[in-house]
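J.: Structure below; questions to follow.
Any read-out appearing in this document is the output of simple, stated calculations on the displayed coordinates, not a laboratory observation. Just so it is clear, the structure is predicted and the values come from calculations on it, not from any experiment. Positions of Cβ are backbone-derived with ideal geometry, glycine not excepted, and every protein chain shown enters the neighbour counts.
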Amino acid sequence: MTSARITFLGTGEAFDSQVGNTSVYIRTAAIGYLIDCGFTVPHTLWRVNADPNLIDVVYLTHFHGDHVFGLPALLLRMKEDGRSKPLAILGQTGVKTLVERLQNFAYAGTFKDLGFPVNCIEVGATKEQRLGPHTLTFHATKHVVTNLALRLSFGDFSLFVSGDGELTPESTEALRSSRYAVQECYVVDGERKYHGTFGALRDVLVEGPRPQRTFLVHAARTQRERLEEAAASSGLPLVVPKDLQMYDLD
């Protein structure tokens, strides 16, 4: 039985011309989530499904451009296509100010006239958020700016989505305790400050409990082929997804 379907709307970093900004759409029986919305994301999403009511919740792991700059286009097309139901946008402290400023900078004065409620909800690493039957928890990674990885759970299903940043003890525990994970893996060999690496992830997965399947995303544009090779030869349940690939998760 499928608990959720995940669609990779993008799997790359900010400056990769071959793949889109890392973003996933997660469809459960109860709620549809868009995780991050960089500047390439809306057009990819509309090719998959242009229904203005498709998304119930947007979650922003952090406030870098390749994770938030697609919001104004997404919201304005929702308005033009007749969205009526409320949209929740979750993020760290300041998310309401960010969303309003982005929208009004891109399309002056449109935030107050979208035609549907936008409910901005602040979350934090010490907070638990309940949405219907789902429990959302948030776990800090070590990034240039504050990044909060997401753990979504209901019943015996759980999914971890890292956003960007080096794993911390808190985010490592959340990843290990999840059935599935979407993890940033910016470089394969060596370290990259403020980003996830293949070596650090491999050490975590070898040493203790691990997800049934971990999807590796946000590879540096020079590292993608190397990452595919490393994942394939690791002996671990790792997948390097491509843009627009969908997976059913039980």
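J.: Ordered by residue, what ³J(HN,Hα) values in Hz, to whole numbers, does region 85-91 give under the Karplus form 6.51 cos²θ - 1.76 cosθ + 1.60, where θ = phi - 60° and Gly and Pro are x?
T.: 7, x, 10, 9, 10, 9, x
J.: For every other residue with a beta carbon closer than 12 angstrom to the beta carbon of Met246, add +1 if it is Lys or Arg and -1 if Asp or Glu, then tell me the sum. Before the final figure, lay out each step's value.
T.: Values: positive: Arg5, Arg27, Lys242; negative: Asp243, Asp248.
Net charge around Met246: +1.
J.: Which of Lys79, Lys242 has the fewest other C-beta atoms within 10 Å, and how do the rest follow up to the most?
T.: If I rank by nearby Cβ atoms, fewest first, I get Lys242, Lys79.
J.: What are the residues whose amide H is under 5 Å from the amide H of Ser3, where those residues sit 5 or more places off or on another chain and H is modelled from the backbone?
T.: When sequence neighbours closer than 5 places are left aside, the close amide H contacts are Leu249, Asp250.
J.: Enumerate the amide H contacts of Ile121 below 5 Å, restricted to partners 5 or more residues apart or on another chain; note that Pro and chain-start residues carry no placed amide H.
T.: The answer is Ile89, Leu90, Gly91.
J.: Give me the net charge for the shell around Ile55: Cβ to Cβ below 13 angstrom, other residues only, Lys and Arg +1, Asp and Glu -1.
T.: Numbers: positive: Arg27, Arg77, Arg83, Lys85; negative: Asp36, Asp51, Asp56, Asp81.
Once all neighbours under 13 Å are counted, the net charge is 0.
J.: Relative contact order for the chain using alpha-carbon pairs under 8 Å, separation at least 6, rounded to a whole percent?
T.: Taking the mean separation of contacting Cα pairs over the length of the chain, I get 18 percent.
J.: Quick one: which residues, 5+ away or cross-chain, put their amide H under 5 Å from the amide H of Thr197? H built at 1.01 Å from N.
T.: Those qualifying (amide H under 5 Å, at least 5 residues apart or on another chain) are Leu167, Tyr186.
J.: Given N residues in region 85-231, what is its alpha carbon radius of gyration divided by 2.2 N^0.38 Å?
T.: 1.18
J.: From the phi angles alone, apply the Karplus equation (6.51, -1.76, 1.60; θ = phi - 60°) to region 127-134 and give each ³J(HN,Hα) in whole Hz, x where the residue is Gly or Pro.
T.: So the Karplus estimates, Gly and Pro as x, are 10, 10, 10, 9, 10, x, x, 9 Hz.
J.: So what is the diffusion coefficient of region 164-209 in µm² per second by Stokes-Einstein at 37 °C and 0.692 mPa s, using a Kirkwood Rh over Cα pairs?
T.: Approximately 306 µm²/s, per Stokes-Einstein.
J.: Report the chymotrypsin sites (Phe, Trp or Tyr not before Pro) located in region 78-180 that are in a DSSP loop and have at most 16 other Cβ atoms inside 10 Å of their Cβ, or state none.
T.: Qualifying residues, ordered by number: Tyr107.
J.: Between region 232-250 and region 9-82, what is the separation of their alpha carbon centroids in Å?
T.: Going from one Cα centre to the other spans 20 Å.
J.: Continuing with this model, one more query. In the chain, if every C-alpha pair distance is counted and binned at 10 Å from zero, what percent goes to each bin?
T.: Reading upward from the zero bin: 7, 34, 38, 17, 3, 0.
J.: Would you kindly derive the ³J(HN,Hα) couplings of region 39-47 from the backbone phi angles with the Karplus curve 6.51 cos²θ - 1.76 cosθ + 1.60 (θ = phi - 60°), listing them in order in whole Hz, with x for Gly and Pro?
T.: For region 39-47, the Karplus curve yields 5, 8, 6, x, 5, 5, 4, 5, 5 Hz.
J.: Among Gly155, Gly82, Gly91, whose mean-square fluctuation peaks in a Gaussian network model of the chain (Cα, cutoff 10 Å)?
T.: Highest fluctuation of the listed residues: Gly155.
J.: Sticking with this one: Show that you can apply the helix-only estimate: for the chain, add -39,500 (n - 2.57) for every DSSP H stretch of four or more residues, divide by all residues, and state [θ] at 222 nm to the nearest 500.
T.: So the helix-based figure for the chain works out to -7000 deg cm²/dmol.
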